[in-house]
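Read through the structure below, which is laid out as structure tokens, and then see the notes.
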Amino acid sequence: MTNEPIACAVGGIDITGCRVSLYPMKDHFAQQIVASIERTDTTAVWQQTDLFSTLFRGEAPSVVDAAAGLFINAYESKTHLVGEFTFSKGCPGDSAGDAFLNGEQAQPNKASNLLNGTFDVDCKYSFYVFGENNYMEEIATIVQLAETYGLAPRSAHYVTMLTGTANQLFGYFEAALAYAHDHLPHYVLEATVSVNSPSKKKAVSHD
């Protein structure tokens, strides 16, 4: 493993990383998390699970595929589940090791994700652009892209809110990172994804 910094070249096959933390709101939650990790195909990414999260590193489509698989595989119809996602590429402090890069951009979970990711989710996220003077325009482009995926983006304090299916959401994440890879040297997307929240049910019942 080398520790040489990665150049922040727009359009290069740089390392994309994602940290995913899952929070099933139930007893025996650890079993649900471990089962999801075991069911997710990680042959197209470098993976490491630690005390806080599971980390995927590799080519962006493969990383999104693994992150989506981890969340979708953890879904249960009657369990409130929250996922925290941090996607990042281009950090000048990153190192060239611990990644799976072969240029194939494989998505081994895609078929099962599409089959099982039809459930509704809510998401709040923020997109951060570094090293660009026109960063607000780039953020606006990323947010507008969510409209094409039917996610009804809505502004809130410090975040953008999205509502749709898991498939729509992770399809959007893949498209957003593809745009960012081609246009931006360094960016971070942070998202919190929730399904079956009892808070949402109470809010609806009070309308």
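The values are calculated or read from the model by the stated rules, or taken from the named source; none is laboratory data. Remember, predicted model here, so these are calculated numbers, not experimental data. Quick reminder, even Gly has a Cβ in these numbers, built from the backbone with ideal geometry, and neighbours come from all protein chains shown. Just so you know, the surface numbers come from the protein's heavy atoms only, side chains and all, with ligands and any DNA or RNA stripped out. Shrake-Rupley method; radii C 1.70, N 1.55, O 1.52, S 1.80 Å.
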Q: Report the full-extension gain for the segment ALA178 to GLU132: residue separation times 0.36 nm, less the Cα-Cα distance, to one decimal in nm.
A: 14.8 nm
Q. Of all the stretches in the chain, which is the longest one without any exposed loop site, taking chymotrypsin sites (Phe, Trp or Tyr not before Pro) in a DSSP loop (any state but H, G, I, E, B) with at most 16 other Cβ atoms within 10 Å?
A. 53-118
Q) Separation between the ARG154 and SER199 pseudo-spin-labels, each 7 Å from Cα along Cα→Cβ, expressed in nm? A) 1.4 nm
Q. Which value, in debye to the nearest 20, gives the size of the charge dipole of the chain about its Cα centre, when Lys and Arg are +1 and Asp and Glu are -1 at the Cβ?
A. 760 debye
Q) When the Cα centres of segment 124-159 and segment 18-84 are compared, how far apart do they sit, in Å? A) 24 Å
Q: Give the carbon-plus-sulfur fraction of the accessible surface of the chain in %, rounded to a whole number; probe 1.4 Å, heavy atoms of protein chains only.
A: 55 percent
Q) So what's the back-of-envelope 222 nm ellipticity for the chain, counting only DSSP H runs of four-plus at -39500 (n - 2.57) apiece and dividing by all residues, rounded to 500? A) -11000 deg cm²/dmol
Q: Would you mind calculating the gained length between GLN105 and THR86 on full extension (0.36 nm times residue separation, minus the Cα-Cα distance), in nm to one decimal?
A: 4.9 nm
**Q.** Contour excess over end-to-end distance, with Cα ends at TYR23 and ASP98 and 0.36 nm allotted per residue
**A.** 24.4 nm
Q: Only loop residues by DSSP count here, and only those with at most 16 other Cβ atoms within 10 Å; note down the GluC sites (Glu not before Pro) in segment 101-203 that meet that.
A: GLU104, GLU132
Q: Eight or more residues apart or on different chains, and alpha-carbon atoms under 27 Å: count the Lys pairs in the chain matching that.
A: 16
